[in-house]
Amino acid sequence: TDIGWIREHTRLGNLARRWDLRGRPAINTLRGSDLTAAESWISSQPRNAPQPTPLHHEFIQASRKAATRRQRMTVGGSLAAAVVAILLAGYAVIQQRAAESALRTGTESANKLVFGLADRFKDSSVPGRIIESILDEARSLQDELSANFPDDPELQRSKAWALIQLGDVYKNLDDLSKAKAVYSQSLDIARKIAAKEPDAAKRQRDIAVSLNRIGDAELRSGNAQSAQKAFEESMSITRANVAREPGNVTWQRDLSIDFEKLGNIRLSAGDTEGALEAYGESLQITRGLAAANPGDAKWQRDITISLSKIADIHLDADDTDAALSIIAEQLRIARALASRDPDNTAWQRAVIIALNDMGRARLMSKDPAAALKAYAESLAIMRGIAEKDPNNTEWQRDISIGLHRLADVQMDAGDPSAALEMFRESQRIARKLSAGDAQNALWLEDVAKVGERFGDALAETGDTEAARTAYDESVEIRRRLATQQPGNPDYARQFAAVLLKLGNMLERVSDLPAALAAFHESAAVTRELLQKTPDNPETRRHLSDALNRAGDMQMFQEDFQAARASYRESLAILRSLAAENPDDASVQTSIAYHLFSIFVTSEDSGEKRKLLESIMDILNGLLARDALPEGFRNWPDLIREQLRELPAATAAQ
């Protein structure tokens, strides 16, 4: 087995799952770079590594669902901002013939309208680019009006919140540079207002909200340090507000959210214990709020979110017993919420998330039947909700994801035929959604992702031509996304990963030149990515994999000189990774594998012996600490046999 692959599963799985679990329009759910890196990981299985389990697909798909929920929220905010902008434009006329107090009163009403409409229209399905256009117009109108009242704090505050809404749209459209720019403008306004009222808690909170948005965008851009700086300043403000008014439930909830974000940052850095501590703090605060307000369902919902995050960490540590206990409480609370208000889709979501968590836990505890039952119930709930609102794109996407999840379970159970029809329906829904908004990168990614897994199922059933068609479609979508946003590292990773998968498929059908071209392009994309993140170990490992596969194709075509060059470049990368992580058995076995590949291409008996001896040194070292993976247990005997077969003259050297 590939230990590095498993470690990547743990790291990326954590990041992907956390975004699935927010479920509240007021809170930004993380998506972007970490999520797309996880999708890239699923698509870039190294040679000899196990297939990703349904768990990986479940969490990544669930995270995408949360991202769609945020986009629906942005739609509501967009429409609200547009209405507010129109109202404010009307107030500009009032300004000319009425007192300033009338305008201020209207502004206060408009602020209330923003939040009311955002909630009302949160499930709207307006395409993202239209939303962006609406918000741009709203912003232009509001800029014109607010310029007449630069010192009016409420009007300036309304402008700041409109900027946040616009930033959310840019973020959901993956235009992170624009998102950060408008969030920063909102922050500047909030700081100026707060400077005049330093003791006003709500002014300080506005600063914290903008900082949180900036932190989310920075984290999605891969800038963990910048994100942490923003989140820490936000938490400092929130702590001060709590210290002033300990009984204020808004400040307490803000602090709970800040702890959750701190946990997310720690997870992204691989600090699972620190993340568990932060999530525990968040849960403790939420339990206190729920106890003080037993009739308020949203606190119970917040408890389920924290429980899900904590359960994920236990599952990643293979502590399934602890996780199952936590998920049981999570599911019990979610079912109680749903039974109290069956028409509340947020509570139904809580049940869906808990069932998906239960499915993962049951799979890890070697109970696939129970896992399948949980996933099937989750999908049934999704279908029931979608029947009430068949035009709701979010629910349609949930069905596509649920079908994909069940198909993955069938695939991992060794029944690709049973998975095919589920993949077909999932793909049909994904394509329909994407056709409705061709600029929606999220839905385009769905089509690519389902296509890749559909291709896997087709390949396993022997339909290689159809599989190749599915992979080709996915490659073209990934290429398009990467070309449209050359500065987005996640799209580059996804593109490189699917090229690797396509190359493997082409090798299976013996189209070695085309396979070599795919591996070379994957390596080229990864090299360019490494120029921006030269120390990223995952990207370096991907380049090593692409070079290794290119070397295989060159060797099969008897271009031994080119093969040796590819293997040696890949080997140099692996050795640098081994120097940084000497205890990583997966890197050591990969080095041994590369040395053997070079051995096969060599015609120099002396070099051959040195290569075999180097391999034996690695294997003996792993055996000495009982770290030799199962797949390499027979290698020591094989290498000894190769040494015995070397010419006697070489042995004498």
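Taken together, the values in this text are just the output of simple stated rules run on the coordinates, not laboratory data. As the structure is a computational prediction, the values presented were derived from the model and not from experiment. When we count neighbours, we look across all protein chains shown, and the Cβ atoms used for this are built from the backbone with ideal geometry, even at glycine.
Which FRET efficiency value, to the nearest 0.05, do you get for Lys229 and Arg332 by plugging their Cβ-Cβ distance into 1/(1 + (r/R0)^6) with R0 = 41 Å?
Once rounded, the FRET efficiency stands at 0.60.
Beyond 19 Å between alpha-carbons counts as too far, so tell me which of Lys309/Lys388; Lys449/Lys501; Lys171/Lys261; Lys196/Lys261 fall in that bin.
Violating the 19 Å limit, Cα to Cα: Lys309/Lys388; Lys196/Lys261.
What full-extension length gain, to one decimal in nm, is calculated for Asp617 and Arg424 as 0.36 nm per residue of separation minus the Cα-Cα distance?
On the way: separation 193, 0.36 × 193 = 69.48 nm, distance 4.92 nm.
Between Asp617 and Arg424, full extension yields 64.6 nm more.
When a/c reaches 1.5 or more, the comparison of a/b and b/c decides; with that in mind, is segment 316-440 rounded, prolate or oblate per its Cα gyration tensor?
oblate
Contour minus end-to-end for Ser510 and Arg287, with contour as 0.36 nm per residue of separation and end-to-end as the Cα-Cα distance?
In short, 74.3 nm is gained.
Each label point is 7 Å from the Cα along the Cα-to-Cβ direction; what then is the distance between the points at Ser602 and Thr464, in nm?
Roughly 3.3 nm, to one decimal.
For segment 558-652, what does the convex hull of the Cα positions come to per residue, in cubic angstrom?
Dividing the Cα hull volume of segment 558-652 by its residues yields 99 Å³.
Tell me the relative contact order for segment 295-433 as a rounded percent, counting alpha carbon contacts under 8 Å between residues six or more apart.
Values: 151 pairs, mean separation 22.0, N = 139.
Relative contact order here is 16 percent.
Measuring from label point to label point, each 7 Å out along Cα→Cβ, what is the Asp321 to Asn634 span in nm?
3.7
Could the peptides 579-589, 178-188 be put in order, highest first, of the mean number of other beta-carbon atoms found within 10 Å of their residues?
Peptide ranking by packing, descending: 178-188, 579-589.
Looking at the square roots a ≥ b ≥ c of the eigenvalues of the Cα gyration tensor of segment 255-379, which shape do they give, rounded for a/c under 1.5, prolate if a/b is larger than b/c, or oblate?
Working: a/c = 2.12, a/b = 1.03, b/c = 2.06.
Oblate shape, in that a/c is at least 1.5 and b/c is the bigger or equal ratio.
Mind running the shape call on segment 379-450? Use the C-alpha gyration tensor, a ≥ b ≥ c as the square roots of the eigenvalues: rounded below 1.5 for a/c, prolate if a/b tops b/c, oblate otherwise.
oblate
So how do 507-513, 190-196 stack up, highest first, on mean other-Cβ count within 10 Å?
Numbers: 507-513: 14.0, 190-196: 16.4.
Answer by packing, highest mean first, reads 190-196, 507-513.
What is the gain in length, in nm to one decimal, between Ala565 and Ala370 on full extension, counting 0.36 nm per residue of separation less the C-alpha to C-alpha distance?
On the way: separation 195, 0.36 × 195 = 70.20 nm, distance 4.96 nm.
Net length gain for the segment: 65.2 nm.
Below 8 Å, C-alpha to C-alpha, sequence gap of six or more: please give me the relative contact order for segment 558-652 in percent.
Dividing the mean separation by the residue count of segment 558-652 yields 27 percent.
Distance in nm between label sites at Ala624 and Gln439, each 7 Å beyond Cα in the beta-carbon direction?
In this crude spin-label approximation the distance works out to 6.2 nm.
For the ranges 208-220, 605-617, what's the packing order if you count other beta-carbon atoms within 10 Å of each residue, average per peptide, and put the highest first?
Top of the packing list down: 208-220, 605-617.
Efficiency by 1/(1 + (r/R0)^6): what FRET value for Lys196 and Lys532, r their Cβ-Cβ distance, R0 = 45 Å, to the nearest 0.05?
Working: r = 41 Å, r/R0 = 0.92.
Working from the Cβ atoms, E equals 0.65.
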